[in-house]
1. Please give the net charge around residue 66, taking every other residue with its beta carbon less than 14 angstrom from that of residue 66, where Lys and Arg add +1 and Asp and Glu add -1.
2. Provide the net charge surrounding residue 23, with neighbours chosen by a C-beta distance below 15 Å and charges set as Lys +1, Arg +1, Asp -1, Glu -1.
3. I'd like the Karplus ³J(HN,Hα) series for region 70-83: coefficients 6.51, -1.76, 1.60, θ = phi - 60°, whole numbers in Hz, and an x wherever there's a Gly or Pro.
4. Rank-order 74-86, 21-33, 47-59 by packing density, defined as the average count of other C-beta atoms within 10 Å over each peptide's residues, highest first.
5. 7 Å from Cα along Cα→Cβ at both residue 122 and residue 9: what's the point-to-point distance in nm?
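What follows draws every value from the coordinates through simple rules; no lab data is involved. Fair warning: this is a prediction, and the values are worked out from it, not measured in the lab. Here the Cβ positions follow ideal geometry from the backbone for every residue, glycine too, while neighbour counts run over all protein chains shown.
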Amino acid sequence: MGRPERPVDPGAGPVARFAYELRVLRRGAGNPAYRHMAGQAHYSVTTLSVAASGQHMPSLPVTLAYVRACGGDIEEWTCRWHAADAELECQQARRAALPASQAPDEAALRSRGPLWLGVTAAIAVLALVEAIVIIMLARLPISSCGGSGRTSRGAARSPR
């Protein structure tokens, strides 16, 4: 029996939520050992464990191997992966647009004129677009997600 996994807070963002959902899938499959899953998935124990750690977004191939080893629905999890990946990209774009440490307060915005007001409005619009995309993805039928035309990345990405 391996070490117990560290808890993952599903409210901590898209990467943590996705990891939490992978763990729920694994528990539903009878909580198979990662060593057993690795034999079926053809990925290492470490790779599968990290996929459900909440530290990095796993690649789509790793996710699908994990799901197969747990007897999950490949189409459903392809959709879930794309939704989580899109949410992560929106989150990263929003952070890159204006880091929190550099965000001026409201008085500073007023003193700098319409340019800063425009930047603030653009960030608000980006957040709104993110919310709309997430809502639309959540409402898509599972079969429509598979052919989104997006390609998966082979390397894991940090949630930053």
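1. On the way: positive: 23, 26, 27, 35, 68, 80; negative: 5, 21, 73, 76.
Summing Lys/Arg as +1 and Asp/Glu as -1 gives +2.
2. Numbers: positive: 3, 6, 17, 26, 27, 80; negative: 5, 9, 21.
With Lys, Arg at +1 and Asp, Glu at -1, the neighbours total +3.
3. Result, ordered by residue: 9, x, x, 7, 5, 4, 4, 6, 5, 4, 4, 4, 4, 5 Hz.
4. Values: 74-86: 19.2, 21-33: 15.3, 47-59: 21.1.
For the peptides 74-86, 21-33, 47-59, the packing ranking is 47-59, 74-86, 21-33.
5. So the two model labels end up 3.1 nm from each other.
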